[in-house]
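Colleague: Got a structure here, written out as structure tokens. Questions coming.
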Amino acid sequence: MHNGFTKSAQLFTEAVNYIPGGVNSPVRAFQAVGGKPVFIAKGEGALLTDVDGNTYIDYVGSWGPLVLGHRHPEVVKALHNCLEKGTSFGAPTELETLLAKMIVEAMPSVDMVRLVNSGTEATMSAIRLARGYTRRNKIIKFAGCYHGHADFLLIQAGSGALTLGVPTSPGVPASTAEHTIIAPYNDLDIVQEIFRRAGEDIAAIIVEPVAGNMGVVPPAPGFLAGLRELTAQYGSLLIIDEVMTGFRVAYGGAQVLYDVEPDLTTLGKIIGGGLPVGAYAGKKEIMYAVAPAGPVYQAGTLSGNPLAVTAGIATLQLLRRPGVYETLEQKSARLEQGLRQAAAEAGLELTFNRVGSMFCTFFTNQPVTDYDSATRSDTKQFARFFAGMLQKGVYLAPSQFEAAFMSLAHSDEQIDQTIKAARAVFKELV
Ligand code: PMP
């Protein structure tokens, strides 16, 4: 039985008085799906419980970090132990080296790691480093990719910016935007043309190796390898933004899955195990340019925070165990197959994109390979799908242009329950 959303609605009414839009990140608003956000009381495994006592099978997973599910006992235990010793010192701890070492061991392209507090900080700092190191200003970014909210990356951005229809935000000076060149995702020819014209001015390409912020869009065969080749040819850096994909699509991230070695990697989400962590990382020669080893300045009061780093270490320790990614793949394939079948039964032609445990159901019968094809999806129909699933106890991201995430905590029964809910909702849509 559904308890309704009375308490959530009350809390939201109160929140909008004190917090812009009632949320601390725009993606949490249910604006695009025409509703009010659900306020969460607690999470456990694959389940969320809202303040009205409704439970949901959660496919948001705090937008990616919770690959183990909510409150994994080993993460919770590690956090308890850490809490006994203090919450922040602003001085080095052994934990930071431990997490950095785990990342270095996981990613062949990475020799050194600098920890920060969010994905935004990671990409912003990586771009500064690329510019400082190459002594060039221009960067190439792909339409529909989201790399956090730094000015020069908030141009034709995906995620909430795309959902809310403000892909380029007011407040970004034209003089800042002028250094960001936008190319269509998966279009190597255009990138080649940009390099032919301006290659000597380009500090870096930044790319989501599997785009997850315009829905999920896998890289076309040869796309990432082509970017690697072009950047190497022109002395530019390749930055692979693995904030979402790192330790998600494979232990070493998409760069291991697709066998491409970037100069710099950005990380976040999973490496913080549900607490705020980001990182930028790469080859020694480049990372030596970061202060205090080198001249490119970047700092943070809470960077390498012991609690956050502890949650990250505990999470990676679990992910490193044999069979983990095979299990994630099996669970995700089970869901995909069930959803495909349910859609076909209802006579709906949808497009499913999935790489491992990140996936997306696009309400279009055309392939989705870039920003343009993603935005041809029927967002009104997605909104009805979302509302129907929520009512039936399945919590999805409230936008067509976001990824869904499977966790290790999802049981086959919960996956089958999700398929059953989708079967009913798909039928209501036609
Ligand atoms: N890069 C990518 C690929 C992301 O998906 C995100 C967040 N969804 C970010 C950067 C920004 O991370 P954060 O929200 O932690 O600032």
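We did not get these values from a lab; they are worked out from the coordinates using the rules stated. Because the structure is a prediction, the values reported are computed rather than measured. Glycine also receives a Cβ, built like all others from the backbone with ideal geometry; neighbour counts cover every protein chain displayed.
Colleague: Which whole-Hz ³J(HN,Hα) couplings does region 199-214 yield from phi under the Karplus relation 6.51 cos²θ - 1.76 cosθ + 1.60, θ = phi - 60°, glycine and proline marked x?
Modeller: Residue by residue, region 199-214 yields x, 6, 9, 8, 6, 6, 9, 10, 9, 7, x, 10, 5, x, 10, 10 Hz.
Colleague: I need the trypsin sites (Lys or Arg not before Pro) found in region 117-176, filtered to DSSP loop residues with at most 15 other beta carbons within 10 Å of theirs.
Modeller: For trypsin sites (Lys or Arg not before Pro) across region 117-176 that sit outside H, G, I, E and B with at most 15 neighbouring Cβ atoms in 10 Å, the list reads Arg135.
Colleague: Hey, what angle do you get for helix 324-346 against the long axis of the chain, alpha-carbon based, 0 to 90 degrees rounded to 10?
Modeller: Relative to the chain, helix 324-346 is tipped by roughly 50 degrees.
Colleague: Further question: Just to confirm my numbers, what's the Cα centroid distance between region 8-29 and region 380-409 in Å?
Modeller: 19 Å
Colleague: Moving to a separate point now. Show that you can apply the helix-only estimate: for the chain, add -39,500 (n - 2.57) for every DSSP H stretch of four or more residues, divide by all residues, and state [θ] at 222 nm to the nearest 500. Don't jump to the answer; show the numbers that get you there.
Modeller: Values: 15 runs with 164 residues, N = 430.
Computed ellipticity for the chain at 222 nm equals -11500 deg cm²/dmol.
Colleague: Ok, one more. If you restrict to DSSP beta bridges whose two residues both lie in region 73-319, what percentage is antiparallel, to the nearest 5?
Modeller: Numbers: 10 of 27 bridges.
If we restrict to bridges inside region 73-319, about 35 percent are antiparallel.
Colleague: Evaluate the Kirkwood expression for the hydrodynamic radius of region 274-332, namely the inverse of the mean inverse distance over all pairs of different C-alpha atoms, and round to one decimal in Å. Please report the intermediate quantities before stating the final value.
Modeller: Working: mean 1/r = 0.0704 Å⁻¹.
Hydrodynamic radius (Kirkwood, Cα only) of region 274-332 equals 14.2 Å.
Colleague: So, one more: How about region 286-356: which GluC sites (Glu not before Pro) there are in a DSSP loop, with at most 15 other Cβ atoms within 10 Å of their Cβ?
Modeller: Working: sites: Glu326, Glu329, Glu336, Glu345, Glu349; in loops: Glu349.
Listed in order of number, the matching sites are Glu349.
Colleague: For Ser411, what charge total do you get from the other residues with a beta carbon under 12 Å from its beta carbon, if Lys and Arg give +1 and Asp and Glu give -1? Numbers along the way, then the final one.
Modeller: On the way: positive: Lys331, Arg334; negative: Asp412, Glu413, Asp416.
Here the count lands on -1.
Colleague: Starting from the Kirkwood Rh over alpha-carbon pairs, what translational D in µm² s⁻¹ does region 145-200 have by Stokes-Einstein at 4 °C and 1.567 mPa s? Kindly include the intermediate steps, with their values, before the conclusion.
Modeller: Numbers: Rh = 12.2 Å.
This corresponds to a translational diffusion coefficient of 106 µm²/s.
Colleague: Would you pull out the residues with amide H under 5 Å of Ile181's amide H, same chain only if 5 or more places away, H placed 1.01 Å from N?
Modeller: Hits under the 5 Å cutoff: Ile139, Ile140, Lys141.
Colleague: What net charge is computed for the residues neighbouring Gly64, neighbours being all others with C-beta under 13 Å from the C-beta of Gly64, Lys and Arg scored +1, Asp and Glu -1?
Modeller: On the way: positive: Arg248, Lys269; negative: Asp58, Glu208, Asp241, Glu242, Glu402.
Net local charge, Gly64 excluded: -3.
Colleague: What does the net charge come to around Ala143 if you take all other residues with beta carbon closer than 10 Å to its beta carbon, with K and R at +1 and D and E at -1?
Modeller: Working: positive: Lys141; negative: Asp187, Asp370, Asp372.
Summing Lys and Arg as +1 and Asp and Glu as -1 gives -2.
Colleague: A follow-up question, please. In region 3-98, what chymotrypsin sites (Phe, Trp or Tyr not before Pro) fall in a loop by DSSP, with at most 14 other Cβ atoms inside 10 Å?
Modeller: Here the sparse-neighbourhood loop sites are Phe89.
Colleague: To the nearest 10 degrees, how steep is helix 119-134 against the longest Cα principal axis of the chain, on a 0 to 90 scale?
Modeller: Tilt of helix 119-134: around 20 degrees.
Colleague: Roughly how many whole Å is it from the C-alpha centroid of region 180-254 to that of region 77-141?
Modeller: 21 Å
Colleague: With 28 Å as the cut-off, how large is the P(r) tail for region 73-319, expressed as percent of Cα-Cα pairs? Intermediate results must be reported in sequence, preceding the final value.
Modeller: Details: 8825 of 30381 pairs.
Result: 29 percent of Cα pairs exceed 28 Å.
Colleague: Sticking with this structure for a sec: Antiparallel as a % of all DSSP beta bridges within the chain, to the nearest 5? Intermediate values should be presented prior to the final figure.
Modeller: Details: 25 of 44 bridges.
The answer is about 55 percent antiparallel.
Colleague: Relative to the compact globular guide of 2.2 N^0.38 Å, what is the alpha carbon radius of gyration of the chain, as a ratio?
Modeller: Details: Rg = 21.0 Å, N = 430, 2.2 N^0.38 = 22.0 Å.
After normalising by residue count via 2.2 N^0.38 Å, the value is 0.95.
Colleague: Let me make sure I get this right: for region 239-315, a, b and c are the square roots of the gyration tensor eigenvalues over alpha carbons, sorted descending. Under 1.5 in a/c it's rounded, otherwise prolate if a/b > b/c, else oblate. Which is it? Spell out each step's value before the answer.
Modeller: Details: a/c = 2.59, a/b = 1.07, b/c = 2.41.
It comes out oblate by the Cα gyration axes.
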